[in-house]
Amino acid sequence: MNSKTPLLQMTCISKHFPGVQALQSVDFDVYASEVHALVGENGAGKSTLIKIMGGAVSPDHGRILLNGQEKRINNPREAIELGIAVIHQELMLVPQLSVVENILLGHLPQRGMSRVDWNAARMQAREGLSVLGVEIDLDVLVEDLSVAQQQAVEIARALSRQAQIFVMDEPTSALAGREVDNLLKTIERLKVQGKGVVFITHKLEEVFRVADRITILRDGCKIDTLKRTEAKPDQIVNLMVGRSIESLFLKEEVEIGGPVLEVRSLARQGVFKSISLTLRRGEILGLVGLVGSRRSDLLRAIFGADPVDAGEILIEGRPIGKLSPDRVINAGVALVPEDRKRQGLVLDMCVADNLTLAVLRRLGQFGLRDRGEERARAFELTHNLAIATPSLRTSVINLSGGNQQKVVIGKWLATSPRILILNEPTRGIDVGAKGEIYAIMRRLAQQGVAMLLSSSELVEALGVCDRILVMHEGRITGEFGREEATEEAIMACATGQAAHFTK
């Protein structure tokens, strides 16, 4: 470390909410020129700890020291004034203002008594972005920027306020491959400048790329702090969830039956071309590929949500004809979308209403809802999927990411599908919740449900799938059986460097 005194030191931090001990005597610190990763399952206490850092929540017990001096952080404004910047998942920008206005919001340089010195403002804003190695038009509205560019603006704003400690909460959750690389490079630049970075993520590969130390929380308690050079991913997972990483991918032998879904020469101009695949009863078929491979477009087309120009789809040997979501759903197909908050849930509605949303017509008569039957069905799904919720009337927005995802899956399981399409079903959820999703998939396979799984995580695809198809720029470039699939072979096909087809 560059200094014997941490930039931020938290000791014996405890916080109790009604019915929940969120944190119990937790110690945490971060030094200058250090990236300290904070990991744990949803509900482990990470969010509460960073809210205390940022002044949004006050601890019941414990001390906070900044550069060795004890401080009380009463609100977010005080945290900013003390040099702590929290970069939330939901960025705190003003979309209708320009880049330069957002970076210098609240402290635009003045010329005279009431005029903004725009030349000085642009110079300061440009300096903050250049530190990050980013070039953005300062006059463009923030709402017209990509998520990655908006993150850069938020970090530049923190730099303009002389922040010394950057707390980043799941900063890569909405980013693609190259954007993730750029953000991790930005974190390295902050480290070189002597800043301290607290890095919260569910993605362990990112932790092992940028972190110097890793602190693991579980059930509100600090389990351990390890140097990254002395830690291994399976060790971190074990500490997070209390079991080994291998146990997440326990693959039970399932008898795979005949074809239930056949896609024949499906094509859409400029998107994908001549896609053919077969999915069998009880099989988990993986679909992998890099950003731009068009995996999501293909899944939406199979589901009837997007148009196609050519090809046909057969379900249990019968052609669907003109594709539409209604016809596909009625044929026994369900789709768990990649964006659960925008496409899978009605966030302000309760758990019960979300779970029964896809089967309301089946549960009522003559256009009237059968509330008793809805509650019974929702209770059954909640129990079977182990959805952790205070009650069925709880708004789904208040659940953890993993439990929200189980509600999405439950909503479609209520339709009794024969074919389940899963698009990034474990994106943005913790390792423990991933294990629960995999267990649900194993049970469904044993029941004969056929699953088409699209995943950007190779480890996941290799761990749970019976076969894997690889896409590159709208084409299937490889097919691998479970025994022959390797990361190297799959990546060769995913990058267009090789094409491999099993017999």
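Going through region 66-78 one residue at a time, which ones are within 32 Å of the chain's Cα centre (by Cα) and within 15 Å of Q9 (Cα to Cα)?
At the first step, the residues of region 66-78 found to be within 32 Å of the chain's Cα centre (by Cα) are 66, 73-78.
Within region 66-78, L66, I73 qualify.
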*Among the candidates I236, I200, which residue alone is in contact with a helix residue (DSSP H, G or I) (Cβ under 9 Å, 6 or more places away or on another chain), among the β-branched types (V, I, T) and either under 30 Å from S160 (Cβ atoms) or at pLDDT 95 or above (or both)?*
I200
*May I ask you to list the residues in region 365-387 that are assigned to a loop (DSSP other than H, G, I, E, B) and surrounded by fewer than 15 Cβ atoms within 10 Å (Cβ to Cβ)?*
F366, G367, R369, A386
*Search result, residues across region 86-105 that are without any contact (Cβ under 8 Å) to a residue 24 or more places away in the chain and under 28 Å from the mean Cα position of the chain (by Cα)*: E90
*Out of region 140-197, which residues are over 15 Å from H36 (Cβ atoms) and among the β-branched types (V, I, T)?*
V140, V142, V147, V153, I155, T172, V180, T186, V192
*Could you tell me whether any residue of region 342-358 is in a loop (DSSP other than H, G, I, E, B) and crowded, with 21+ Cβ neighbours inside 10 Å?*
yes
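Step by step: first the residues of region 155-195, then only those that are of a type in the set (V, I, T) and modelled with pLDDT under 85, then the one that is surrounded by the fewest Cβ atoms within 10 Å (Cβ to Cβ). Which residue is that?
Our first condition is that a residue be of a type in the set (V, I, T); within region 155-195, this holds for 155, 165, 167, 172, 180, 186-187, 192.
Now restrict to residues that are modelled with pLDDT under 85: 172, 180.
Details: T172: 23, V180: 19.
Ranking the candidates gives V180 first.
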*Among the strands (runs of 3 or more DSSP E) confined wholly to region 207-322, which include 1 or more residues that are over 27 Å from T495 (Cβ atoms)?*
213-218, 221-227, 259-268, 272-280, 310-315
_of a type outside the set (A, V, I, L, M, F, W, C) and surrounded by fewer than 16 Cβ atoms within 10 Å (Cβ to Cβ): is that true of P59 in this structure?_
no
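The values are calculated or read from the model by the stated rules, or taken from the named source; none is laboratory data. Everything quoted here is computed from the prediction, not taken from an experiment. Neighbour counts are summed over all protein chains in view; Cβ atoms, including those assigned to glycine, are modelled from backbone coordinates with ideal geometry.
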